[in-house]
Amino acid sequence: MTQPIEQSPADGHWRQWLDWAAEHAVAVPADAAFAAARQRVWRASEFAALTSARSPQTLAALIADGSLSRRLAAGEIDAELTGVLAEVGDEAALHRALRLFRRRHMLRIVWRDLSGWAELDETLEDLSELADCCIRQALALLSVWTEAEIGVPQDSAGQRQPLIVLGMGKLGARELNLSSDIDLIFAFPSTGETSGGTRPLANEQFFTRLCQRLVKSLDAQTVDGFVFRVDTRLRPFGDSGPLAMSFDAMEAYYHSQAREWERYAMTKARVVAG
């Protein structure tokens, strides 16, 4: 008696996606290159198979707009995220938009990497650019909202102070891989206090709140997943240090107290936002 061929969970996920595609009149590429690529990706990545089964419209959109089959141009990820966040008005909407955007591009990047359609340099660059864009655009929105709520941080001359985000390690070197956390250090130019809020706050207090919101927007696990795991322990004094420091305080730390490895780590530091 012939034994039935055992089906893998990945095969079930593909059938599930095909059923959805048929129900929604989504065209499935019939060429051999797509079929071979899909099999390689499904065998190697549970993430790709599960994401496509649970969010079938994500794979359908990537097929429809041709994003799976080509390398994105410089600035394309950033421009797309700008459009996605154009109508976002609060943190809940920001969290959801960032996570759905990340889901789309992680599926695209994983597909192109495992199918052999992308070289390693493209995978690392796209992952790093995805992180940069999410950090930069989330910070831009959160800065506006935080200033509206508690005032604008200023120096002694009344100049507005921005938050500077340093990407460290793999992110700093634009070598982020599929399983990487992102290592971040936060700084601001000068001490001072906020203006325009209900009461003045020291700049360090303002930027600590802003940093906490930024980390949460990227790191918090929601029903839509997360964007990137964030590690802030490379900052001066580690977990016991302030989340954000002024340039002068940071310079003093690296001159007088930092260990050698902390100074060496700065060779890969890169401003990713601010």
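The values are calculated or read from the model by the stated rules, or taken from the named source; none is laboratory data. Please read these numbers as outputs of a predicted model, since none were measured by experiment. For neighbour counting, all protein chains shown are included, and Cβ atoms are generated from backbone atoms with ideal geometry for every residue, glycine included. Note: accessible area is taken over every heavy atom of the protein model, side chains too, but ligands, DNA and RNA are not part of it. Shrake-Rupley method; radii C 1.70, N 1.55, O 1.52, S 1.80 Å.
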Debye calculation, C-alpha points only, no solvent: report log10 I(q)/I(0) for the range 210-274 at q = 0.14, 0.30 Å⁻¹, in the same order as the q values.
-0.51, -1.42
Residue-normalised accessible area of the range 115-274, expressed per residue, 1.4 Å probe, Å²:
47
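Which percent, to the nearest 5, of DSSP beta bridges fully inside the chain are antiparallel? Before the final figure, lay out each step's value.
Values: 14 of 19 bridges.
Approximately 75 percent, going by the DSSP bridge assignments.
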The long-range amide H neighbours of residue 273, using H built 1.01 Å from N in the peptide plane and a cut-off of under 5 Å, are 165
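What is the gain in length, in nm to one decimal, between residue 205 and residue 32 on full extension, counting 0.36 nm per residue of separation less the C-alpha to C-alpha distance?
On the way: separation 173, 0.36 × 173 = 62.28 nm, distance 5.78 nm.
Full extension from residue 205 to residue 32 adds 56.5 nm.
What relative contact order, as a whole-number percentage, does the range 169-241 give when Cα pairs under 8 Å and 6 or more residues apart are counted?
Details: 64 pairs, mean separation 23.9, N = 73.
RCO, the range 169-241: 33 percent.
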For the chain, diffusion coefficient by Stokes-Einstein and Kirkwood Rh (Cα), 10 °C, 1.306 mPa s, µm²/s
77
Got a sec? Which residues in the range 105-140 would a label at residue 79 touch, if it sits 7 Å along Cα→Cβ and we count backbone N under 14 Å?
none
From largest accessible area down, sort 240, 143; use a 1.4 Å probe on the protein chains.
240, 143
What nm distance separates the two modelled labels at residue 216 and residue 261, each placed 7 Å from Cα along Cα→Cβ?
3.2
In Å, the C-alpha Rg and Dmax of the range 34-124 are 13.7, 42
Once ligands and nucleic acids are excluded and a 1.4 Å probe is used, how much of residue 178 is accessible, expressed in Å² to the nearest 10?
70
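If you wrap the range 79-218's Cα atoms in a convex hull and average its projection over all directions, what's the area in nm²?
Numbers: hull surface 35.8 nm².
Across all orientations, the range 79-218 yields a mean hull projection of 9.0 nm².
Using a 1.4 angstrom probe, figure out how much accessible area the range 1-110 has per residue, in square angstrom, rounded to the nearest whole. Could you put the intermediate results ahead of the total?
Details: 6070 Å² over 110 residues.
Using a 1.4 Å probe on heavy atoms only, each residue of the range 1-110 averages 55 Å².
Find how much the distance from residue 93 to residue 117 grows on full extension, using 0.36 nm per residue of separation minus their present alpha carbon separation; answer in nm with one decimal.
Separation in residues times 0.36 nm, less the Cα-Cα distance, equals 5.3 nm.
Could you please state how large a percent of the accessible area of the chain is carbon and sulfur, counting protein chains only and using a 1.4 Å probe? Intermediate results must be reported in sequence, preceding the final value.
Numbers: 7220 of 13710 Å².
Solvent-exposed carbon and sulfur of the chain make up 53 percent of the total.
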From a point 7 Å beyond the Cα of residue 20 in the direction of its Cβ, which residues of the range 43-70 have a backbone N at a distance under 13 Å?
48-63
